[in-house]
Each structure stands twice: as C-alpha cells, then as structure tokens.
Amino acid sequence: MKRVFSNPLVVLIAGLCLRLFFVLKFPANSGDTVLYEQIAANWLNHHVYGMDVGGAITPVDLRMPGYPAILVLMYVLTGRRGADARLWVMVAQIGVDLLSCLASARLAALLACPSLASAPNKRVYSVALWLAVLCPFTANYAAVPLTEVFAVLWTGLACNFLVFALRRVERPDLC
C-alpha cells in the first residue's frame, strides 16, 4: 500500500479528480475572464490586440498578451470561442496546474537535500506532491479562466532554477 501512495501517477490522478470536480461542479468566471476573452477574440478575428470600445475595436494595453495568446491557441484548437471554449480552457488549465504541482514538489525535494551532490529527497517529494495536488485553494484556480494557474507554474519553475543555480555556486553570499 505504501508503494501505491508514493507513486506519482496515483497522486496526479487524485489531483486530476479534484480539479475535474471543481471544473465540472463549480466553474466560475470573473470580470477579467470576459476581458481576456474579448481581447483574444479580437486578436484572432480582426488581428488587433484590442477591445470593443464604443462600437469600434480599439487597441489596448490593459493586460500582457500571454493569457490572451493561450486563449487564441485554445480557440484555434477547439474551434470554439468565448464562453463556448471555457470548458476546454479549464481542462487545459488542469494540465498546467498539475505541472505546477510537480514543480512545487521538486522544489521541496531540492530544498530538503543538503547539497547538489546528494539526490533530492524522495519522501519529501512524495509528501509535497500530495500536499500540492490536494490543496483546494490552488486546485480551485483551474476552474476559473484566469492567469493564476500559469503564474503558479512559472513561479514554481523560477524558484526551482534559482535553488539549482544557488546550489552550483560554491558559497552563495545572500546576507
């Protein structure tokens, strides 16, 4: 039984189930969701990174183009736009969120090992992965078409690279 619970595939399936529960039972949107969808639709349809202001498409710089670009990609892949594509966007966000759980667990394992020469702690990795996939606060982000899931992933990856880079330095002088 211990091997079953330490298998990352079992942990990721549990995380997938939790995120699917949130996406299917409690899908949500916010004011920014509509904003991102409108920018993405105008970018795809009219080749203008903008919004409909007073009946005319006006270029805007309200948001960075990363998330609207992901929405455009999802619109192209699914053939749906706006609210019709939200389910597929949230399903894609589930995958990204599970990747961020793996990055968080790797970070915990790196921080638990004393040096770069030693192998990352597998027990810490397993416990951290369970904690990350079952955290309802971050799992709920997958059910809202917003940038938070991607922000968690990129933050986790950046922290992993930072720890790895600091481990390669002989004596990092952070104080």
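Residue ranking by accessible heavy-atom surface, 1.4 Å probe, largest first, among 20, 12, 162 comes out as 162, 20, 12.
The calculated FRET efficiency for residue 47 paired with residue 158, based on their beta-carbon distance and R0 = 25 Å, is about 0.20. Computed over protein heavy atoms with a 1.4 Å probe, the accessible surface of the range 1-109 works out to 57 Å² per residue.
Taking 0.36 nm per residue of separation and subtracting the Cα-Cα distance, full extension of the segment from residue 151 to residue 34 would add 40.2 nm. Build a GNM of the chain with springs between Cα atoms under 10 Å: which of 45, 160, 140 gets the top mean-square fluctuation? Result for the chain, Cα springs under 10 Å: 45 fluctuates most. Simple rule: put +1 on each Lys or Arg Cβ and -1 on each Asp or Glu Cβ in the range 1-91, find the dipole, and look at 76, 64, 54; the Cα lying farthest toward the positive end is 76.
Using a Gaussian network model of the chain in which every pair of alpha carbons under 10 angstrom is joined by a spring, one finds that among 62, 131, 110 the greatest mean-square fluctuation is at 62.
What's the longest uninterrupted piece of the chain once you rule out the trypsin sites (Lys or Arg not before Pro) that are loop residues per DSSP with at most 15 other Cβ within 10 Å?
Maximal segment without exposed cleavage sites: 81-175.
Projected label points at residue 84 and residue 25, each 7 Å from Cα along the beta carbon direction, are separated by 3.0 nanometres.
In the chain, the DSSP-assigned H stretches of four residues or longer account for a calculated mean residue ellipticity at 222 nm of -21500 deg cm²/dmol, using -39500 (n - 2.57) per stretch and the full residue count as denominator.
For the chain, modelled as a GNM with alpha-carbon contacts under 10 angstrom, which of 149, 89, 76 fluctuates the most? Largest GNM mean-square fluctuation: 76.
Among the protein heavy atoms of the range 7-133, carbon and sulfur supply 67% of the accessible surface, probe 1.4 Å, non-protein parts ignored. Residues 102, 153, sorted by accessible area with the largest first, give 102, 153 [1.4 Å probe; ligands and nucleic acids excluded]. Under the convention that each Lys and Arg Cβ holds +1 and each Asp and Glu Cβ holds -1, the size of the dipole of the chain around its Cα centre is about 880 debye. By how many degrees, between 0 and 90 and to the nearest 10, does the Cα long axis of helix 86-112 differ from the longest principal axis of the chain? Between helix and principal axis, roughly 20 degrees. Once both axes come from the Cα atoms, what is the angle between helix 31-46 and the longest principal axis of the chain, in degrees from 0 to 90, rounded to 10? It works out to around 60 degrees. Charge tally for residue 113 (other residues, Cβ to Cβ under 12 Å; Lys, Arg +1; Asp, Glu -1): +4. Considering only alpha-carbon pairs that sit under 8 angstrom and 6 or more positions apart, the relative contact order computed for the chain is 28 percent.
The values are calculated or read from the model by the stated rules, or taken from the named source; none is laboratory data. Note that the structure is predicted; figures quoted are calculated from it, not measured. Here the Cβ is made from the backbone with ideal geometry for all residues, glycine too, and neighbour counts use every protein chain on show. Surface areas here come from the heavy atoms of the whole protein model, side chains and all, with no ligands, DNA or RNA. Shrake-Rupley method; radii C 1.70, N 1.55, O 1.52, S 1.80 Å.
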